[in-house]
Each structure stands twice: as structure tokens, then as C-alpha cells.
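Report on the structure given below.
The values are calculated or read from the model by the stated rules, or taken from the named source; none is laboratory data. Fair warning: this is a prediction, and the values are worked out from it, not measured in the lab. Backbone-built Cβ (ideal geometry, glycine too); neighbour counts: all protein chains shown.
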């Protein structure tokens, strides 16, 4: 749903993109129509690498402005410059028409710009109240926003470190809003949020307009961006390549700008991925068979089968037991009831190494959980292979090198900045987490939201890779928080709600509304009536 | 997490029952340490039935420099650093005090104390600034200053010497003598204990409640999040080392008060301060703990030493036993904490 963006009488005409910068729409409370935040000609280089070549951004008062770009386009560098974390080599930053030097997040705050980052800026060892004091946040206003964002039962004396990530992100946002900044910058705000909270966030963000405040919104979910935002600035290779007015069809325009010219090859991955879904119903002994699994307070009773050669999507709202389920499958925790069988043979894991021995490989959603950030790409990819040798002898470097190179090539991992994995972009890091298992061959791949917060091109590569693995005979279980991925990459989808399997769909009918209804625990009949 | 935090936290935290539960949960480790200390006093009384206030007063006196060293170390560790120059700073500040007071009148003692406390802040700030400016890890920078401050101390006094004002020396000897306090009570109040509580309280309680104090926990807990929350990370770091220096100055003054002179030789306060801080619940990774736990831990470790002497254990064996006690206590604590989290 799209909120009315501008008063109808001065809807901007379809002017050439860069010209939109000079014809801002003056909202009622800003008669001068001046820009609230403007960055022009921003350049930033790190040694030989140019992160930003010519970036610009213009935010009007009372607008929700998307900042878009593939990974490595320079989005995060521009954000860091705006928030004072790093200094540009050239370019100007104007706040309400006055040039400002921003040296630190504290200074950016004083200029009326507050950022909400992907990793919440909350201190884990302090309680909620102390965190608010640290930023001089008015407690009443904060609680007000928290409630409006749909989180109740948040105690001021709760230790931040004990709270789940989704709550922390909501708190971080509420804290920023409570300070009533002119511009709030949201970096992938809806990632890692359950659907209901994400909806509240989008609604609240949209309402910021009414008080003349602006939002810079960074997201990889284009549908969400189009529904929420007024305009979008698109970055590619360190350069602002366009400013798009939102409206029907804007997604296509944005994707075009983000991908740049000659993307024909990428475009038809959708088609190619979809072809394989008309395979026969899986038969024979399943690779993985779950019978009435239960664990902890969340996972109650889950049964399904995963066959060789298929990608099975797993859909669930936040906290429906999927964490526990993946914990069991990866050998990190014990089920309290139920059985797990591999190739028809019942198994019980005592350690993740047992699961790996049985060919079950877990790719965590949190990249940091899986990688050794200070070690090289090569070592990271070769680690499971070397660990599997189960001896501490010398490593056969020649064989390792061959494997690693194959994996890097297949995944098109950008190793320009080579060396340490922590220097890679998020998307490339995610590819490394998968590559390491491809290198040694894999029977069963368990992916937990592998495409969270990464760009479209990398997402497509990952879908493609998962399909390829399945076609080669692997079994893939893909938990995803993005419902559209089921039709892009999966053969079937299992939906879990309240710790139980509520439905299973073949990919052809598993469109977003169907999955959404099931994920909210509505039965299929209801769904069909609803359609 | 000190008593102070909880007092703050539970001010309007719903029912008193919930507040009490939270107090116990957050201060479980410190309460355990108090219980352990109490049990050790009972044990001491059993093995040495005539153990009384006189021996306890000696214990407090012996613990005093350790307590200040531990307080300073805790400041550095809470803010995410560590100060390996702690004992060297104490030596430097102790000889500075003794050299300042030599041949001066009694009144000058006050000036000397003030100067030494300021010098302590300054010396600590130099540590902090060096860490912040060079961006070399804290452990390396403060190790370098371990040698620098030791050398500086020898430059001020190349052999034990100097003097201390008499009133200053009296400050830690015996019990509180005031007309309005009956002797039955005052004999349980060794001056040294009062000095410790007052000196730590005057600095720590306001600091803990201030934004600077919060910021110190913040940078120790998560530097990036703190920076993004608008905390001046570098300034806070320097301040934490300055406070470590201030406590080192108190420790140095206590050394001079105790002996009446300054000795340019380091005492065993560095390792002891780290040990007591950790035992007292200060996480070496920063951001956790307070001052009450570490100070109680100092007394536990000192009393253990006293008990081993009372049992006439070979001093070398005693050292091994002390180490084992520490490992055991920390292990038990970790197990309890782990179980608490699971339930």
C-alpha cells in the first residue's frame, strides 16, 4: 500500500532524473523548500580502491528517501560519511543548506541525523534504562515509540544482552525516534524482524512524513521500498546513477540502474530456476526424515522429509521453532522428543562434527558465526575439509588450492581485496560460507536465511548455486525470511507455525500471499477463500 | 554489578519482590563472595580460637594497598583495557609522596597528598592517552609504562627514603577514636577500613551514577555500539586510565603511610590486582563488574594468605594453594552463572 506522497497540486512532472534534485517539492511546513540534507560530489578512496567516485544524495524535508545499490556500490561508505564515521576525500555535506563537517556520530546527532544500524548500537552489558541515559533519550517518549512499534513487556531493567535481536532493533529505532531527529537513517531496518514487527516499522516510518521529518531508508527488499518511499537514489560503482520517483514499475527501473547495462544474462535466472520445479514428486528413501521432533519451549512437533535432488523451503515467522530445528539438525542441540533419520537410518548427534560426518552441513544466517574473520578466504574455504581429516598432520596444500580455486570460481567470489575474510563485503562473505562446503562436496545443505541483507545479484547467484547443488544430487533445506525465494529457488515449501508444521506447498502455488497466510497459522482453505 | 546499580535499577522496578529477585540475580556473584568471606572468618576462628579484632585490623592494613591497586585495575578493565603499569605507578607515586614530605612541616602533608593524587590522575591519563593515540593494544602500551614509571621512581629516590607526615601515618593505625562512639563499637572500626571505604566511595559512587561511568561500561562492553551511541570513546578511555592512576595514587600514599618512607621497589600488586578484579566479577573482556566484588575478593585472598600462615604452611606451598583457590572459586562461579543462564 502506498501512502499519498505529495500534495496533488504540485506533483513533480516526469523530469530527467538529475533534474529532480533541483526541483524539490516543498511540503507545507517548509515554505523555502530547501533540502534538509544534501551531499554532493562525495569521493572516498582507500589506497588504490575507489569506494565512492561521485556520490550525491538530496533529501527533502518530510520524505522517505531510499538509498539503493548492489553490494560494493558504495552505500555503506556514503552512510559512514554522512554519520561521521569516516571523512570524505572530497565533496560537500550540507545540512539545511549550511555546509557541515561531520566528525563523529555524536556530531551527526547534533546536526539532527541519527542512524539505526544493522547491528543495534546498544550496550549489551547495560540495562535498557542505562542505555537510554547514555544517549540522553527521554524515557517516556522511548516507551511510547516502543509500544507504537508493537513491542510490549519491555522492562527498563532488562539487560540488553539478554534480549533477542528483533527487540533490540525495535529498541534502537524507538530510541532514535524518541530523540526526534530531522533525518533518521535506517539500514536494512526490516531485516531480522518478524513480519508483524516489520509491518509496524514500515507504518511508523511512513508516519514520520506527517511531522516533516525525513527518513533515509536502505533496504534490499524492493517491494517494500516502493511501497514506502517517495524517491530513491541509486548508487552503482561508487557513483549516483539516478534518482527515481517511486510509483508503479519503479522496481524495474531501480533494478536496471543497480545492475547497469548488459544484464540480460542475469535477468533470465528466474526462468532457469523455475524450470526444475516440474520434477516428479520425490520418491524413494528420503535423505533426511524428521519424525515428531520437539525441543525447548518453541519446537513442538515437526515432521517432514527432505529428498536428494530437491531444494525444500522452510517458512516461519520469527521464533516459531526454526532456530531449535536447525540446532538439532546441525548437531548443536538435542531434541527432547522425536527422531531424526538419514537415508532411513536413525541417528543421534552429540556434536556438530557428528552431523558433518553424516553429510549434514549447516550454513548459519549469522556469517560471523561461521567464518574466521581474520583468516584468509582460502583458509576459510578449506577449513571444513581440513577439519574433516580429523588428524593434526600436515595439510596437503596442492589439493587444498585446487579445491579452493574451483569453489571461488564457481561462486564468483570477489577476492580483489583478498586476504582477510572480514574485508569482504557481506554478500561475498556469505558466499564464502557456502563455498567452503561446496569445495569438499556436500550431501545435505542446511541454509538458514543465507540471503539476508545482501544484494540482488548475489542472491541470484546463491539461488542458482542451490539449484545446481540439488541437480547434482544434494538435498538442500532453505529457511528463508523472504517469501518470494520459495518460487525463485525451491521445489517445495514447508510452513511452520507455533512449533508445528502447518502446511506443505509445491513451489508452483507457493506465492507470497499463500505462504504469508500459512505462516500466520491460517489454514489453506481460508487462504483459498481469501483469494 | 554493584549494589549501587541495583539500588538505581530497582528504584521504580515494580513490586519489591521482583526487585529483590533482580538484586539477587544481578549481584549473585558479589553475594557469594561475601558469604565466602564470612565462611572464611568462621574457619579462621575455628583454627585459631583467639583470632580477634587485632588480627583483623592487621588484615585490613595488609589488604589496603592491594585494595587500591585492584580498584584501579578494575577501572581499566571495565572500560575494556588493562593496566600493567599499576604496581609501577604505585611505586612512583609512593616515592613522590615520601620525597615531597621529607623535611617539610606537618601541614604540608595535605598539599603533598593533593599533589600526589593529581599526579596519579596525570600519570594515568598519560597511560590512557598513549593507548588512544598510538592505537597500540593496551597491554603493550601499559607494559611499556611499567618500565617507564619504574625508572621514574628510581630517578626520584634511588634507595628507600623520604618521610611522611605523622598525622598521615596515624590515619591508618588503630581504630576510630571519637567520643560519641562507644569503644564497644569503635574497636570494630579499624581506621584503615574506614579510609578504604571513604576513599573508594567518594570516587566510585558518584562516578558509577554519572554519565562518564556509564560511558566507561559502554566502551568496555561494545566499543562500536558506544561510538554509534555518541559516546566519546577515546576521551572515556583516557578518563578510565586517569581514574586507575588516581587509585594508584591512593595505593602509593597508603604504602608511604604504612612504612613512613618511600621504597622504589615494586610490590606484588600487579598480578594480585588482576587476580582480585577477575575473582571479584570484573570480566577481562570489559563492561562487566563493579568495585565491591573485587574489594571483597582482595580480602578473601589476603585472609587465605593469613590462614595459611596460621596453619604454618610452607610459604611456597601457600602460594600454590592461593592460586588453586582462585581457580576453584572462579570455576565454581562460572558454573553457577552458566546454570543460572540455562534455567
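Quick look at the numbers
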read-out	value
Only one of A:73, A:66, A:39, A:58 that is modelled with pLDDT of 50 or more, farther than 21 Å from residue A:112 by Cβ and touching a strand residue (DSSP E or B) at 6+ places or on another chain (Cβ under 7 Å)	A:73
Residues satisfying the stated conditions in region A:313-341, i.e. touching a residue at least 60 places away in the same chain (Cβ under 8 Å) and assigned to a strand (DSSP E or B)	A:313, A:314, A:315
Test: residue in region A:199-211 that is free of Cβ contacts under 8 Å to residues at least 40 places away in the same chain, on the phi < 0 side of the Ramachandran plot, assigned to a helix (DSSP H, G or I) and touching a helix residue (DSSP H, G or I) at 6+ places or on another chain (Cβ under 7 Å)	yes
Among the candidates A:171, A:189, residue that is under 26 Å from the mean Cα position of the chain (by Cα) and within 14 Å of chain B (Cβ to nearest Cβ)	A:171
Residue in region B:263-277 that is without any contact (Cβ under 8 Å) to a residue 60 or more places away in the chain and either within 14 Å of chain A (Cβ to nearest Cβ) or within 28 Å of residue B:147 (Cα to Cα) (or both) present	yes
Residue B:245 vs. criteria surrounded by 24 or more Cβ atoms within 10 Å (Cβ to Cβ), touching a helix residue (DSSP H, G or I) at 6+ places or on another chain (Cβ under 7 Å) and more than 10 Å from chain A (Cβ to nearest Cβ)	yes
Of all residues in region B:222-232 being closer than 18 Å to residue B:137 by Cβ and out of contact with any helix residue (DSSP H, G or I) (no Cβ under 7 Å at 6 or more places or on another chain), the one that is nearest to the other protein chains (Cβ to nearest Cβ)	B:222
Pairs where the first residue, in region A:106-131, is more than 7 Å from chain B (Cβ to nearest Cβ) and without any contact (Cβ under 8 Å) to a residue 12 or more places away in the chain and the second is surrounded by fewer than 24 Cβ atoms within 10 Å (Cβ to Cβ) and not in a strand (DSSP E or B), C-beta under 7 Å, 6+ apart	none
Residue in region A:180-197 that is assigned to a loop (DSSP other than H, G, I, E, B), touching a residue at least 40 places away in the same chain (Cβ under 8 Å), touching a strand residue (DSSP E or B) at 6+ places or on another chain (Cβ under 8 Å) and surrounded by fewer than 19 Cβ atoms within 10 Å (Cβ to Cβ) present	yes
Complete set of residues in region A:156-177 that are farther than 26 Å from residue A:322 by Cα and surrounded by 22 or more Cβ atoms within 10 Å (Cβ to Cβ)	A:174, A:175, A:176, A:177
Flag if residue B:251 is assigned to a helix (DSSP H, G or I), over 30 Å from residue A:172 (Cβ atoms), touching a helix residue (DSSP H, G or I) at 6+ places or on another chain (Cβ under 7 Å) and away from chain A (no Cβ under 11 Å)	yes
Residue match in region B:69-80 (condition: part of a loop (DSSP other than H, G, I, E, B) and more than 12 Å from the chain's Cα centre (by Cα))	yes
Yes/no for residue B:83 being over 26 Å from residue B:332 (Cα atoms) and modelled with pLDDT under 95	no
Every pair of residues 6+ apart whose Cβ atoms lie under 9 Å, when the first sits in region A:146-164 and is within 13 Å of chain B (Cβ to nearest Cβ) and at pLDDT 85 or above while the second is part of a strand (DSSP E or B) and crowded, with 16+ Cβ neighbours inside 10 Å	A:155/A:127; A:156/A:127; A:157/A:127; A:158/A:127; A:159/A:127; A:160/A:127
Matching option when the condition is out of contact with any strand residue (DSSP E or B) (no Cβ under 6 Å at 6 or more places or on another chain) and either on the phi > 0 side of the Ramachandran plot or modelled with pLDDT of 95 or more (or both), among B:74, B:94	B:74
